[in-house]
Amino acid sequence: MIATHNRCDELRLTLASLREQDWPNIEVLVVDDASKDGTSEMVRREFPEVELVTFELNRGSVAARNEILRRAKGEIIFGLDDDSRFIEPDAIRRVIQRMGDEPDLGIVAFQPIGPEHPERMTSEGRLKGEWHCSSFAACGVAIRREMLADTGELSDFFFHMYEEPDLVLRAWDRGFRVLQWNEIVVYHAFTPVGRNEQRNHRRHARNEACSTVMRYPILLVLPVLLVKLASQFRYACRRGLSWVVREPLIWWDVFRRLPLALRHRAPVKTAAVKTVLALNRRRVADPLEARELGTQSWFEVFRR
């Protein structure tokens with residue numbers, strides 16, 4: 001599952017790397033989200049085995065991934081960014097085997113290395129072990145298709161950013177585990193093409209607030225919404241005045257989208273909220289311990 005927009009050269013490297021995987025039956029689906037750099041032509045010419053969908057208008061990475069999720073035939077759907085790729089040829093095989101052995105694993109996140117995490121470029125500096133988590137990075141993930149029948153697909157109207165933790169919350173609510181497995185590594189080039197930190201912050205903060213309205217039990221919506229918006233404002237303060245003065249635009253975005261968020265409201269159980277909040281604060285590797293997080297008191301949830 002690869003959504004792409006104006007990163008033709010990086011996508012070429014990513015698609016070439018998939019030919020090196022030792023799993024014999026890989027379906028590669030790419031959505032070209034209205035690229036203007038010849039991306040679709042390159043894919044058709046150099047990678048005829050790829051199933052390509054081209055959007056005429058830019059609809060965002062979330063809509064692109066949903067298009068792929070609807071088309072995918074495999075039981076396990078691997079997600080890569082157009083500038084990320086596996087570094088070991090047996091990665092797909094190992095993940096498929098593990099998810100086959102553990103049917104309650106709904107999502108497995110991989111360890112990204114590269115310019116964004118330069119300390120992980122050597123084996124000594126990489127993260128070790130595994131732990132259950134409250135989010136994942138779309139640059140390296142495996143998703144069980146069966147789980148999506150229970151959780152629903154990604155939230156299209158987010159356009160870009162925060163679709164991952166929104167899906168994870170629903171996964172825990174439906175009884176599926178979400179695991180960060182650091183033995184599976186992807187190199188993420190983190191190309192600057194199309195990246196704008198301030199714009200991504202605005203989308204992330206807006207969508208996080210909308211997700212709170214959509215997913216949290218009604219008595220938790222207002223207090224959690226205020227805490228999350230305050231946290232995003234503190235982050236903007238650390239980035240400087242130019243970020244702070246734009247923060248009210250996020251609040252306006254949230255207000256404008258409230259009717260849409262309310263129409264999509266499908267609250268999860270309080271236990272799922274407790275689970276993800278606890279996993280934000282500590283690493284839990286044991287599956288039974290992870291499942292018990294939802295039964296804890298609020299005091300235990302927020303302890304470190």
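The values are calculated or read from the model by the stated rules, or taken from the named source; none is laboratory data. Since we're looking at a predicted model, the values are computed, not measured. Cβ sites come from the backbone with ideal geometry, for glycine too, and all protein chains shown count toward neighbours. Heads up: the accessible areas ignore ligands, DNA and RNA and are worked out on the full protein's heavy atoms, side chains in. Shrake-Rupley method; radii C 1.70, N 1.55, O 1.52, S 1.80 Å.
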For region 196-304, using Cα atoms only, the Rg and Dmax in Å read 15.6, 46
Whole-percent tail of the Cα-Cα distance distribution for region 23-62, cut at 17 Å, equals 33
The distance between the Cα centres of region 23-53 and region 246-291, in whole Å, is 33
One checks the Cα atoms of region 130-178 and finds Rg and Dmax, in Å, of 10.4, 32
Excluding ligands, DNA and RNA, the carbon-plus-sulfur percentage of the accessible area of region 198-304 with a 1.4 Å probe reads 62
Here, region 197-260 modelled as identical Cα point scatterers in vacuum has Debye log10 I(q)/I(0) at q = 0.14, 0.15 Å⁻¹ of -0.37, -0.43
Extension length gain for Asn280 and Gln296 (0.36 nm per residue less Cα distance), in nm, is 4.3 nm
Against the 2.2 N^0.38 Å rule of thumb, the C-alpha Rg of region 3-139 sits at a ratio of 1.09
The chain: relative contact order from alpha carbon pairs under 8 Å, six or more residues apart, as a whole percent, is 18
Rg from C-alpha atoms of region 120-222, normalised by the globular rule of thumb 2.2 N^0.38 Å, equals 1.21
Over all Cα pairs of region 59-176, the Kirkwood radius sets Rh, and Rg/Rh then becomes 0.95
Applying the span-like rule to the chain (DSSP H, Cα extent along axis at least 18 Å, Kyte-Doolittle mean at least -1.0) gives 218-239, 247-263
The lysines whose Cα lies under 26 Å from the Cα of Lys128, excluding any fewer than 8 residues away in the same chain, are Lys274
Carbon plus sulfur, as percent of the 1.4 Å-probe accessible area of region 1-101, comes to 48
SASA check, Val53, accessible area w/ 1.4 Å probe, all protein chains in place, rounded to nearest 10 Å², comes out at 20
With 0.36 nm assigned to each residue of separation and the Cα-Cα distance removed, Asn182 to Leu220 gains 10.4 nm
Counting sequence-distant residues (5 or more places) and residues on other chains, those with an amide H built under 5 Å from that of Val284 are His132
In Å², rounded to a whole number, the accessible area per residue of the chain with probe 1.4 Å is 48
For the pair Glu56 and Arg234, the simple spin-label estimate (label points 7 Å beyond Cα toward Cβ) gives in nm 4.8
Against the 2.2 N^0.38 Å rule of thumb, the C-alpha Rg of the chain sits at a ratio of 0.99
